[in-house]
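Student: Right, I'll just put the structure down here and ask away after.
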Amino acid sequence: MTPPTRSRRRFLKTSAALVGSAPLLGGASRAAGDAPLIAYVGTFSSPLRDVLPTQVDLPPGNGRGIHIFRVDRATGSMEPAGVHEMGTSPSRLVVNAAGTVLYSTNETDRVGDDRQGSVAAFAIDRATGALTLLNSVKSGGAGPTHADIHPSGRFLLVANYFGGSVAVLPIHADGRLGEATDVQVDEGEVGPRRATNAPRGSFAFSGHDRTHAHMIQADPSGKFALHVDLGLDRIYSWKFDDQAGMLTPNDPPFATLPPGDGPRHFHFHPNGRWLYSIQEEGSTIVLFDHDAGRLTRRQTISSLPPGYAGSNFTSEILVSPDGRFVYAGNRLHDSIGIFAVGPDGALTYVGEEWTRGNYPRSFTLDPTGRFLYCCNQRADHVAVFRVDGRSGGLAFTGHYAPVGNPSHVAFLDLAAGS
């Protein structure tokens, strides 16, 4: 990989100079005694070929399941602490608020006559972070790719990419999952193969062959749930019944994105009034005003540096805990774009950081916000960056964790609540 050039190199130099003296996001790390900080890394541990036979350029499935690491709180480095072996591609992970149960979406599992994916619940050993399977249930569609726990803690919301559906799974008192209380299947006209806002010369095409639910999450109030369908270029809005676990269409039922741009993920600002959506094929970030599940589009900005031409697929989007910066993942360009958040929520491009690997599928901030962990899917590693709380910059720490086809990192601080 050729090192970053032009504006990226200048930004790297500035970030490295500032990182030692700037205030840290989330404040100083607290004394943790002997209780470790655990990182769980979800992976592609089998190819997607059996889920979608016509897809090409498939992940080879180099992962072994859920990889477990102990994290050095001072340096951010990751020490292997075990693997929970799984051959079903646990590609997205989420830990409950109590830190006692982990849930994984098993993207290449095929359960029942309709060959649905599955979601598994694992009990967490609070001394070591080790996992013990509690149960596994059908996800409500093929290829579950995202899950999030409702603020009530009583439901798991799941997006099924290849099924074009979202589901609500009840969480029992012991952490086990129940069968879906609701499944909603996306319907509509699929967008064009060419994104409205694609970079010049782009051949990026991924999800405009059918419906593809890519993410679902409740709003901060828990009264509404939003989910994106990449193929339909929509962000759906639902009223959520947190007693019955049912979704009812909001009014209006969805917000539209430009044809072909392909919304992938979104992240709420800490104030709950702004939502940032990243478009996989258009390589854009869109700012929406959010009010009771309703979205009003206000700004569109490229996820890439000025002047970029060619193909790119975006991936993750994160808002910093203090709400001052937005981070956007670019695959093929292999960068994390960095944007400053203005007083009205509008974004300004600041710079970008090379991910030190290939095809950054996602990235996650540690519990303090001091380190960012990037899953370079095709490079088979997680790269660790220090976050500059003043500039928003990222400085590579020199630490890599080898993991086959990493997809997502979830953290558990075993010192919390102990």
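Student: Only residues in the range 120-136 that are open to solvent by 20 Å² or more (accessible area, probe 1.4 Å) count as the first member; pair them with residues that are in a strand (DSSP E or B) and of a type in the set (Val, Ile, Thr), Cβ under 6 angstrom, at least 6 apart or cross-chain, and list the lot.
Tutor: Final answer for the pair search is Ala123/Thr132.
Student: Only one of Ser315, Ser311 is of a type in the set (Ser, Thr, Tyr), closer than 24 Å to Arg194 by Cα and not in a strand (DSSP E or B). Can you tell me which? Break it down into steps so the answer makes sense when it comes.
Tutor: Values: Ser315 fails: not in a strand (DSSP E or B).
Going through Ser315, Ser311 in turn, the sole match is Ser311.
Student: Quick check: is even one residue across the range 272-289 acidic (Asp, Glu) and either surrounded by 24 or more Cβ atoms within 10 Å (Cβ to Cβ) or modelled with pLDDT under 95 (or both)?
Tutor: Within the range 272-289, the subset acidic (Asp, Glu) is 280-281, 289.
Checking the rest, the ones that are also either surrounded by 24 or more Cβ atoms within 10 Å (Cβ to Cβ) or modelled with pLDDT under 95 (or both) come to 280-281.
Within the range 272-289, one or more residues are acidic (Asp, Glu) and either surrounded by 24 or more Cβ atoms within 10 Å (Cβ to Cβ) or modelled with pLDDT under 95 (or both).
Student: If I ask for residues that are touching a strand residue (DSSP E or B) at 6+ places or on another chain (Cβ under 6 Å), surrounded by fewer than 18 Cβ atoms within 10 Å (Cβ to Cβ) and more than 23 Å from Asp219 (Cα to Cα), which ones from the range 293-310 would you list?
Tutor: Result: Ala309, single match.
Student: Given the options Gly357, Gly389, name the one that is in contact with a strand residue (DSSP E or B) (Cβ under 7 Å, 6 or more places away or on another chain) and either among the aliphatic types (A, V, I, L, M) or more than 28 Å from Thr100 (Cβ to Cβ) (or both).
Tutor: Numbers: Gly389 fails: in contact with a strand residue (DSSP E or B) (Cβ under 7 Å, 6 or more places away or on another chain).
After applying the criteria, what remains is Gly357.
Student: Just to be sure, is Phe363 closer than 24 Å to Glu281 by Cβ and under 16 Å from the mean Cα position of the chain (by Cα)? Talk me through it step by step, then tell me what you get.
Tutor: Values: closer than 24 Å to Glu281 by Cβ: yes; under 16 Å from the mean Cα position of the chain (by Cα): yes.
Against the criterion (closer than 24 Å to Glu281 by Cβ and under 16 Å from the mean Cα position of the chain (by Cα)), Phe363 qualifies.
Student: How many residues does the range 333-351 contain that are more than 11 Å from Ser302 (Cα to Cα) and surrounded by fewer than 18 Cβ atoms within 10 Å (Cβ to Cβ)?
Tutor: 5
Student: So in the range 292-330, with the set limited to residues that are without any contact (Cβ under 8 Å) to a residue 60 or more places away in the chain and among the β-branched types (Val, Ile, Thr), which one is farthest from Ser391 (Cα to Cα)?
Tutor: Across the range 292-330, the extreme among qualifying residues is Thr296.
Student: Could you go through the range 195-205 and let me know if any residue there is among the aromatic types (Phe, Trp, Tyr), assigned to a strand (DSSP E or B) and either under 25 Å from Pro253 (Cβ atoms) or more than 21 Å from the chain's Cα centre (by Cα) (or both).
Tutor: So in the range 195-205, the residues among the aromatic types (Phe, Trp, Tyr) come out as 203, 205.
Among the residues that remain, those that are also assigned to a strand (DSSP E or B) are: none.
No - not one qualifying residue is present in the range 195-205.
Let's see how each residue does on (1) charged (D, E, K, R); (2) farther than 20 Å from Val166 by Cβ; (3) in a strand (DSSP E or B); (4) under 22 Å from the mean Cα position of the chain (by Cα):
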residue: Arg70; (1), (2), (3), (4): yes, yes, yes, yes
residue: Glu79; (1), (2), (3), (4): yes, yes, yes, no
residue: Ser91; (1), (2), (3), (4): no, no, yes, yes
residue: Ser104; (1), (2), (3), (4): no, no, yes, yes
residue: Glu107; (1), (2), (3), (4): yes, no, yes, yes
residue: Thr128; (1), (2), (3), (4): no, yes, no, no
residue: Leu134; (1), (2), (3), (4): no, yes, yes, no
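Student: Let me ask something else. Could you check, for the range 357-369, whether at least one of its residues is over 15 Å from Ser91 (Cα atoms), touching a Cys at 6+ places or on another chain (Cβ under 8 Å) and not aromatic (Phe, Trp, Tyr)?
Tutor: Yes; the residues of the range 357-369 include at least one that is over 15 Å from Ser91 (Cα atoms), touching a Cys at 6+ places or on another chain (Cβ under 8 Å) and not aromatic (Phe, Trp, Tyr).
Student: Further, regarding this structure: Look at Gly117 and say whether it is assigned to a loop (DSSP other than H, G, I, E, B), within 23 Å of Arg378 (Cβ to Cβ), of a type outside the set (Val, Ile, Thr) and at pLDDT 95 or above.
Tutor: Numbers: assigned to a loop (DSSP other than H, G, I, E, B): no; within 23 Å of Arg378 (Cβ to Cβ): yes; of a type outside the set (Val, Ile, Thr): yes; at pLDDT 95 or above: yes.
Taking the combined requirement at face value, the residue does not satisfy it.
Student: Identify the single condition in (1) polar (S, T, N, Q); (2) under 22 Å from the mean Cα position of the chain (by Cα); (3) not in a loop (DSSP other than H, G, I, E, B) that Asn271 does not satisfy, given that it satisfies every other one.
Tutor: (3)
Student: Give the range 204-216 a look and list any residue that's surrounded by 20 or more Cβ atoms within 10 Å (Cβ to Cβ) and either under 14 Å from Ala292 (Cα atoms) or not polar (S, T, N, Q) (or both), or say none. Step through it out loud before you land on a result.
Tutor: First, the residues of the range 204-216 that are surrounded by 20 or more Cβ atoms within 10 Å (Cβ to Cβ): 204, 207-208, 211-216.
Answer for the range 204-216, where residues must be surrounded by 20 or more Cβ atoms within 10 Å (Cβ to Cβ) and either under 14 Å from Ala292 (Cα atoms) or not polar (S, T, N, Q) (or both): Ala204, Gly207, His208, His212, Ala213, His214, Met215, Ile216.
Student: Further question on the same structure: Looking only at the range 375-397, decide whether some residue is surrounded by fewer than 18 Cβ atoms within 10 Å (Cβ to Cβ) and either over 23 Å from Ile68 (Cβ atoms) or of a type in the set (A, V, I, L, M, F, W, C) (or both).
Tutor: yes
Student: Shifting gears a bit: Does Asp289 count as assigned to a loop (DSSP other than H, G, I, E, B), free of Cβ contacts under 8 Å to residues at least 60 places away in the same chain, of a type in the set (Asp, Glu) and farther than 18 Å from Ile216 by Cβ?
Tutor: Numbers: assigned to a loop (DSSP other than H, G, I, E, B): no; free of Cβ contacts under 8 Å to residues at least 60 places away in the same chain: yes; of a type in the set (Asp, Glu): yes; farther than 18 Å from Ile216 by Cβ: yes.
No; evaluated as a whole, the condition is false for this residue.
Student: Same structure again: So which of Gly201, Gly231, Gly163, Gly178 is in contact (Cβ under 8 Å) with a residue 40 or more places away in the chain, within 27 Å of Leu93 (Cβ to Cβ) and surrounded by fewer than 17 Cβ atoms within 10 Å (Cβ to Cβ)?
Tutor: Working: Gly201 fails: within 27 Å of Leu93 (Cβ to Cβ); Gly231 fails: surrounded by fewer than 17 Cβ atoms within 10 Å (Cβ to Cβ); Gly163 fails: surrounded by fewer than 17 Cβ atoms within 10 Å (Cβ to Cβ).
One residue alone meets the criteria, Gly178.
Student: Starting from the range 258-282, take each residue that is closer than 20 Å to His333 by Cα and list its partners that are surrounded by fewer than 19 Cβ atoms within 10 Å (Cβ to Cβ) and among the small types (Gly, Ala, Ser), counting only C-beta distances under 7 angstrom and pairs at least six apart or across chains.
Tutor: These pairs meet every condition: Gly262/Ser206; Glu280/Ser206; Glu281/Ser206.
Student: Name the residue, out of Val56, Val111, that is at pLDDT below 95, open to solvent by 30 Å² or more (accessible area, probe 1.4 Å) and within 24 Å of the chain's Cα centre (by Cα).
Tutor: Details: Val111 fails: within 24 Å of the chain's Cα centre (by Cα).
Of the residues listed, the single one that is at pLDDT below 95, open to solvent by 30 Å² or more (accessible area, probe 1.4 Å) and within 24 Å of the chain's Cα centre (by Cα) is Val56.
The values are calculated or read from the model by the stated rules, or taken from the named source; none is laboratory data. Computed from a prediction, not measured in an experiment: that's the story for all the values here. Methodologically, a virtual Cβ is constructed for each residue, glycine included, from the backbone with ideal geometry; neighbour enumeration extends over all protein chains shown. Accessible surface is based on the protein model in full, side chains and every heavy atom, while ligands, DNA and RNA are left aside. Shrake-Rupley method; radii C 1.70, N 1.55, O 1.52, S 1.80 Å.
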